[in-house]
Amino acid sequence: MGEGLQMPGPKGSKKLIAIPESLLNDLAMIAKRSGLTISELVTLILSFATRTLHGKDNISSIFTEAVLLTDMHRLGGIVVPQRGLAQLVDSVDTVVRDQFIKEVESLAASIAVSAKLRSMDSVTVKDLIYLFAPSASIDEINEGDTGKIVITLAEPPGEGMLELLKAVSARVLEAWGLRVESVENYGSIVVLQYRRNT
């Protein structure tokens, strides 16, 4: 199965935790690069994870979001207040808005390609779109070779934000290897129909 990792237990006792050898090797490389022992690195990771996960139900989504946010920062993206972004995008002229949308589309595609190339099984198209619309409810309806992404917003978006959401979502699907067949909106609901490339 794998190697064991001895972890300090309560009052200095040690606990043996079985982990896959490949994970232990990865931890050893990261610890060496960081100037930490494996035990120090694991303790740091676990203490951070414990604080982050306390009271959360969907644990895997937290890790997925952390990875995607890290990719966003690495690729030049920043986190901004959604309401402020909406006000800005809806108030600028169409030429500036279209240039901005192209930049965000490019960032979204880069993050999607990065996740796909690294074979991140836990990342889905929904996760990638959610990164750019964190207050939306996003559902995927998989119908074999075709499917739909349904994005429901809490309130109807302005024209600029609607265009941004549609463009980013379509670009994420394309970067993920899916062919967008249609993008429609019904007030605060955006529906993207796609087909898998065969």
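The values are calculated or read from the model by the stated rules, or taken from the named source; none is laboratory data. Keep in mind that what you see is a predicted model, and the values were worked out from it rather than measured. Cβ sites come from the backbone with ideal geometry, for glycine too, and all protein chains shown count toward neighbours. Remember, those area values only see protein heavy atoms, side chains included, never the ligands or the DNA or RNA. Shrake-Rupley method; radii C 1.70, N 1.55, O 1.52, S 1.80 Å.
Before moving on, here are some points about what is shown:
- Two-decimal Rg/Rh across the chain, once Rg and the Kirkwood Rh are taken from alpha-carbon atoms: 1.07
- For Thr146, nonlocal amide neighbours, meaning residues 5 or more places apart or on other chains whose placed amide H falls under 5 Å from its own, are Arg196.
- Mean Cα-pair separation over length for the stretch 146-198, i.e. relative contact order, pairs under 8 Å, 6 or more apart, %: 48 percent
- Normalised per residue, the accessible area of the chain is 62 Å², obtained with a 1.4 Å probe and no contribution from ligands, DNA or RNA.
- Relative to the longest principal axis of the Cα atoms of the chain, helix 59-74 runs at roughly 70 degrees.
- Inter-probe distance in nm under a simple model that places probes 7 Å from Cα toward Cβ, at Arg83 and Ile141: 3.2 nm
- Working from label points 7 Å from Cα in the Cα-to-Cβ sense, the Thr50 to Asn25 distance is 3.0 nm.
- Taking Cβ atoms as reference points and 13 Å as the exclusive limit, the residues near Gly77 contribute a net charge of -2, counting Lys and Arg as +1 and Asp and Glu as -1.
- Assigned charges on the beta-carbon of Lys, Arg, Asp, Glu; the chain dipole about Cα centre (debye): 860 debye
- Percent RCO, i.e. relative contact order, over the chain, from Cα pairs under 8 Å lying at least 6 residues apart: 15 percent
- Selection from Gln193, Ala175, Gly160 lying farthest towards where the dipole of the stretch 153-195 points positive, charges on Cβ: Ala175
- Efficiency of FRET between Glu103 and Leu16 - r from beta-carbon atoms, R0 30 angstrom, step 0.05: 0.05
- Taking a straight Cα-Cα cut-off under 19 Å and skipping sequence neighbours fewer than 8 places away in the same chain, the aspartates and glutamates within cross-link reach of Lys148 are Asp127, Asp139, Glu140, Glu163, Glu174, Glu181, Glu184.
- Scalar couplings 3J(HN,Hα) for the stretch 106-121, obtained by applying the Karplus form with A = 6.51, B = -1.76, C = 1.60 to θ = phi - 60°, are 4, 4, 4, 5, 4, 5, 5, 5, 4, 5, 5, 5, 8, 6, 7, 4 Hz; x denotes Gly and Pro.
- Estimated purely from DSSP H runs of n ≥ 4, each contributing -39500 (n - 2.57), the mean residue ellipticity at 222 nm for the chain is -17500 deg cm²/dmol once divided by its residues.
- Portion, in percent, of the accessible area of the chain that falls on carbon or sulfur, probe 1.4 Å: 56 percent
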